[in-house]
Amino acid sequence: MRVAVLALLWGSTFLWIELALRGLSPLQVTFIRCVLGALVLTVACYATGRSMPRGVTVWRHIVVAAFFCNALPFALFSLGQQTVDSGLAGVLNSTTPIWSIALGLALGSERGLRPVRLTGLLLGFAGTIVIFAPWQTTGAIGWGALAILGAAASYAVAFTYMGRTLVRKGTPTISLSAAQLVAASGLTAVTMPVGGLRSVDPSATVVVAAVVLSVFCTAITFHLTYRIINDEGATSAAVVGYLLPVVSVLLGVVVLGEHLSVRVVLGMAVVLVGVAMTRRNAAPTAPAAPAAPAGAKSATGLPSPASPRR
């Protein structure tokens with residue numbers, strides 16, 4: 001259920017970015033979603049009796065994760081969607097699981113890659129090439145699409161890093177997610193003098209889009225992502241990318257009246273088939289930490305599965 005909710009919220013992100021960009025610069029969109037998202041999660045953190053993480057080591061990991069999971073990809077998506085439709089942005093973001101496999105191969109954590117998964121990896125990249133159509137000299141596919149691909153790859157790096165250094169280390173996920181968005185806000189604030197101080201056009205559409213993007217598509221989505229990484233592993237979080245193109249394309253066509261060419265639809269299909277094949281016979285993720293005694297709180301800040309309150 002939470003995977004479906006995450007896919008719906010995450011997939012709609014590109015629609016709200018598109019609308020927010022009508023009155024805000026890419027850096028302004030990034031900064032607002034980080035700050036408002038951090039505010040929501042910080043309030044939720046203290047409201048549930050938790051506190052911010054302590055210790056230099058954990059904060060160092062949080063800052064690195066904030067860069068790759070929030071500050072960098074948020075900015076790249078906003079920059080990319082100046083020339084790329086929201087539907088196509090969702091399609092390109094669906095390559096995150098493929099980048100995860102490629103990263104695993106590079107780091108040596110992905111061993112014994114079976115033929116079906118290798119074929120899926122190659123198909124995924126082939127589908128991306130079809131979408132880019134480098135043999136064409138016209139079209140909106142260009143640096144904007146490359147920026148979005150970079151954001152998808154950044155997510156893969158972030159999920160792996162978060163899974164290895166932050167989750168299941170004794171810090172509640174609500175505390176981690178709140179702290180990480182606080183760190184991302186600070187990282188983004190540093191870049192605001194470069195294109196982030198221009199005048200804004202605060203129309204009703206822009207304001208609503210910015211608020212929904214910040215609260216639902218950043219704060220709630222980000223915390224759900226942390227929960228899934230904690231419970232099921234980084235790869236499971238990346239696999240939510242399966243459903244993103246469906247949500248983003250449908251919203252783009254229905255709400256924004258976007259048009260997708262047959263070539264892009266074909267490329268999307270190839271990417272999704274490739275991503276699905278990379279999940280065949282995947283190694284199981286490490287099990288979550290044992291449940292606490294009945295009535296105790298888990299690392300997520302909610303009652304543990306053994307609790308009668310579910």
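The values are calculated or read from the model by the stated rules, or taken from the named source; none is laboratory data. Since the model is a prediction, treat every value here as computed from it, not as a measurement. Ideal geometry is used to build each Cβ from the backbone, glycine not excepted, and the neighbour counts take in all protein chains shown. Just so you know, the surface numbers come from the protein's heavy atoms only, side chains and all, with ligands and any DNA or RNA stripped out. Shrake-Rupley method; radii C 1.70, N 1.55, O 1.52, S 1.80 Å.
Couple of notes before you dig in:
- Flag if Thr137 is modelled with pLDDT under 75 and hydroxyl-bearing (Ser, Thr, Tyr): yes
- Scanning segment 172-204 for residues that are open to solvent by 30 Å² or more (accessible area, probe 1.4 Å) and either outside any helix (DSSP H, G or I) or of a type in the set (Lys, Arg) (or both) yields Pro193, Val194, Gly195, Leu197, Arg198, Ser199, Val200, Asp201, Pro202, Ser203.
- The helices (runs of 4 or more DSSP H) found entirely in segment 1-120 that carry 2 or more residues being open to solvent by less than 40 Å² (accessible area, probe 1.4 Å), of a type in the set (S, T, N, Q) and touching a residue at least 40 places away in the same chain (Cβ under 8 Å) are 2-20, 26-47, 86-93, 96-107.
- So Val264, is it of a type in the set (Val, Ile, Thr), crowded, with 19+ Cβ neighbours inside 10 Å and modelled with pLDDT under 90: yes
- Among the residues of segment 205-244, those identified as modelled with pLDDT of 80 or more, open to solvent by 20 Å² or more (accessible area, probe 1.4 Å) and under 20 Å from the mean Cα position of the chain (by Cα) are Val211, Val212, Val215, Phe216, Ile220, His223, Leu224, Arg227.
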